[in-house]
Amino acid sequence: MLRHRVVAAMREFFDAEGFVDVETPVLTRSTPEGARDFLVPSSQQQGSFYALPQSPQLFKQLLMVAGFERYYQIARCFRDEATRADRQAEFTQLDVEMSFVTVDDVIEVNERLLAHVFDRVGGPRVPAPMERMGFEEAMDRFGTDRPDLRFGIELVELGEELAQTEFKVFRSVLESGGAIRGLNAGRRELPRSELDGLISRAQELGAKGLVWAFREGDGWRSPTAKFLTESELAGLNRRLGAEQGDLLLLVADQRPVANAVLGQLRLELGERFGLIDEDEDRLVWIVDWPMMEWNEDERRWDAMHHPFTAPAGEFDPENPGAARAQAYDVVWNGQELGGGSIRINRADVQEQVFAALGIDAETARARFGFLLEALRYGAPPHGGIAYGVDRIVQRLCGADSIRDVIAFPKTASGFDLLTGAPAPVDELQLRELGIAIHKHKLAGH
Ligand code: ASP
């Protein structure tokens, strides 16, 4: 019932604002949002497949080129990835796009949308304007791009204090370009078993180790204290704002690892020590994203949002890592509700960005020719956003999983226990499709 009211309020808002609801195809070509596609074989064209949309991204952009200045849709999207508590392979987006807009315009409309919906269904109060935080600041202070701002325990950079350290573990991390980061969890008494538990948890999260310490006098009570000089300990205490008895946790690792591990420990400690006021709500826009992130495994650049996101200013193909994106995410109490961007509206820039992502001209033409062509017609500046409807409803009713707010949900492994899908099909059906089945085990399945 709540879900019905949320969707009704969304429609009410967009209708009043002159947005047009357009349905886009479900049998289509791949839209790269970073997941694996669900494929649908065609009997008319044996050996060819439709992909189910990971989002209506390219269709909504084409609608802008066609002259619909305001579009929205409650769209079903499909991503073939391992299901988690907050993800299902099939999910619902509130999808929005507008022409002749800047980041500020999109944010302004969306603040009013959220205020309207939350007002109708008893959600949090939405401040106007909402708080904004740059991506770098969020990573620096909270170790994540979806910070829960309801409590402190912020991450602190400790490399400077340890620049001259003789402690091998720290020195080798710093020499290899890594970071030493830490947090002050406040004055706590924890038995050794729980401290050991924190170390295992940090390792589970991907760190090689975790340094724990309690401030004692001017130094530390910690197995690591003996490896550090008095002045290093004093410097660390100063940086961490450590008072007598405060529990300090440090991770020395590559920066993304240190951030991810401490960011997650911060959340778990916040809960463990009861620091989160459940009656408080913090909504924040995360803005000013990098355009691309380096994928070390594949040795190439990946789009941080998706390949159609516009750069802020000129795009320098020689230096993709430095490009900033006109992208934004809205985060509520540590959960991402939605995200979007201003789009590239020039074919030449889109081609440069494809090239930087390792999509060569021929592949770009084959997969995205229709978009590149449309952009040549004089595409208006445009941008938009999409929200996870399931996630919003889940959060509004405090459910643990989005399964609790989806009618006929699937299990974590993607099974529909009610109907038994997915299920084998008849030999005849396969023959019509020209398909033969080879058993083949996929990594991660
Ligand atoms: N298509 C994007 C997504 O699904 C949202 C957007 O950029 O509007 O995340």
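The values are calculated or read from the model by the stated rules, or taken from the named source; none is laboratory data. This one's a predicted model, so the numbers in the text were calculated from it and none came from an experiment. Heads up, the Cβs are rebuilt from the backbone with ideal geometry, glycines too, and the neighbour counts pull from every protein chain shown. Surface accessibility is based on the protein's heavy atoms, side chains included, excluding ligands, DNA and RNA. Shrake-Rupley method; radii C 1.70, N 1.55, O 1.52, S 1.80 Å.
Numbers for the structure displayed
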{"quantity": "Residue within the range 383-401 that is without any contact (Cβ under 8 Å) to a residue 60 or more places away in the chain and open to solvent by 70 Å² or more (accessible area, probe 1.4 Å) present", "calculated": "no"}
{"quantity": "Exclusive hit being β-branched (Val, Ile, Thr), at pLDDT below 95 and open to solvent by 50 Å² or more (accessible area, probe 1.4 Å), set Ile437, Ile359", "calculated": "Ile437"}
{"quantity": "Failed item, numbered, when Gly334 is tested on (1) farther than 30 Å from Leu236 by Cα; (2) open to solvent by 10 Å² or more (accessible area, probe 1.4 Å); (3) modelled with pLDDT of 95 or more; (4) of a type outside the set (A, V, I, L, M, F, W, C)", "calculated": "(1)"}
{"quantity": "Members of the range 31-63 found to be assigned to a loop (DSSP other than H, G, I, E, B), away from the ligand (no atom under 13 Å from the Cβ) and either open to solvent by less than 30 Å² (accessible area, probe 1.4 Å) or touching a Ser or Thr at 6+ places or on another chain (Cβ under 8 Å) (or both), listed by number", "calculated": "Asp37, Ser42, Ser48, Leu52"}
{"quantity": "In the range 32-55, the residues that are touching a residue at least 60 places away in the same chain (Cβ under 8 Å) and under 12 Å from His306 (Cβ atoms)", "calculated": "Pro32, Glu33, Gly34, Ser55"}
{"quantity": "Pick from the range 325-348, criterion within 14 Å of the ligand (Cβ to nearest atom) and of a type in the set (D, E, K, R), ranking: nearest to Pro124 (Cα to Cα)", "calculated": "Glu336"}
{"quantity": "Some residue of the range 162-177 being β-branched (Val, Ile, Thr), within 20 Å of Val261 (Cα to Cα) and open to solvent by 40 Å² or more (accessible area, probe 1.4 Å)", "calculated": "yes"}
{"quantity": "The range 274-300 - residue that is touching an Asp or Glu at 6+ places or on another chain (Cβ under 6 Å) and buried (at least 20 other Cβ atoms within 10 Å of the Cβ) and, of those, nearest to Pro124 (Cα to Cα)", "calculated": "Val284"}
{"quantity": "Residue in the range 405-420 that is open to solvent by less than 30 Å² (accessible area, probe 1.4 Å), under 30 Å from Leu114 (Cβ atoms), more than 16 Å from the ligand (Cβ to nearest atom) and β-branched (Val, Ile, Thr) present", "calculated": "yes"}
{"quantity": "Residue, most open to solvent (accessible area, probe 1.4 Å), within the range 109-121, restricted to residues that are of a type in the set (A, V, I, L, M, F, W, C) and away from the ligand (no atom under 16 Å from the Cβ)", "calculated": "Ala115"}
{"quantity": "Verdict on Pro147 being within 21 Å of the chain's Cα centre (by Cα) and not in a helix (DSSP H, G or I)", "calculated": "yes"}
{"quantity": "Condition check for Met133: under 25 Å from Leu267 (Cα atoms) and in a strand (DSSP E or B)", "calculated": "yes"}
{"quantity": "Strands (runs of 3 or more DSSP E) contained entirely in the range 201-309, each with at least 1 residues that are free of Cβ contacts under 8 Å to residues at least 12 places away in the same chain and over 30 Å from Gln352 (Cβ atoms)", "calculated": "219-221"}
{"quantity": "Qualifying positions in the range 194-233 - more than 33 Å from the chain's Cα centre (by Cα) and open to solvent by 40 Å² or more (accessible area, probe 1.4 Å)", "calculated": "Arg215, Glu216, Asp218, Arg221, Pro223, Lys226, Phe227, Thr229, Glu230, Ser231"}
{"quantity": "All positions within the range 355-400 that are under 22 Å from Val7 (Cα atoms) and among the hydroxyl-bearing types (Ser, Thr, Tyr)", "calculated": "Tyr387"}
{"quantity": "Breaking point among (1) in a loop (DSSP other than H, G, I, E, B); (2) surrounded by fewer than 17 Cβ atoms within 10 Å (Cβ to Cβ), for Arg5", "calculated": "(1)"}
{"quantity": "Phe315, sole failed condition from (1) assigned to a strand (DSSP E or B); (2) away from the ligand (no atom under 16 Å from the Cβ); (3) open to solvent by less than 30 Å² (accessible area, probe 1.4 Å); (4) of a type outside the set (D, E, K, R)", "calculated": "(1)"}
{"quantity": "Flag if Arg87 is within 15 Å of the ligand (Cβ to nearest atom), open to solvent by 60 Å² or more (accessible area, probe 1.4 Å) and farther than 30 Å from Gln254 by Cβ", "calculated": "no"}
{"quantity": "Exclusive hit being in contact with a helix residue (DSSP H, G or I) (Cβ under 6 Å, 6 or more places away or on another chain) and within 16 Å of the ligand (Cβ to nearest atom), set Met304, Met292", "calculated": "Met292"}
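Residue-wise test of (1) open to solvent by less than 10 Å² (accessible area, probe 1.4 Å); (2) more than 16 Å from the ligand (Cβ to nearest atom); (3) assigned to a loop (DSSP other than H, G, I, E, B).
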| position | (1), (2), (3) |
| --- | --- |
| Ile74 | no, no, no |
| Glu97 | yes, no, no |
| Val101 | no, no, yes |
| Ile107 | yes, no, no |
| Pro127 | no, yes, yes |
| Asp140 | no, yes, no |
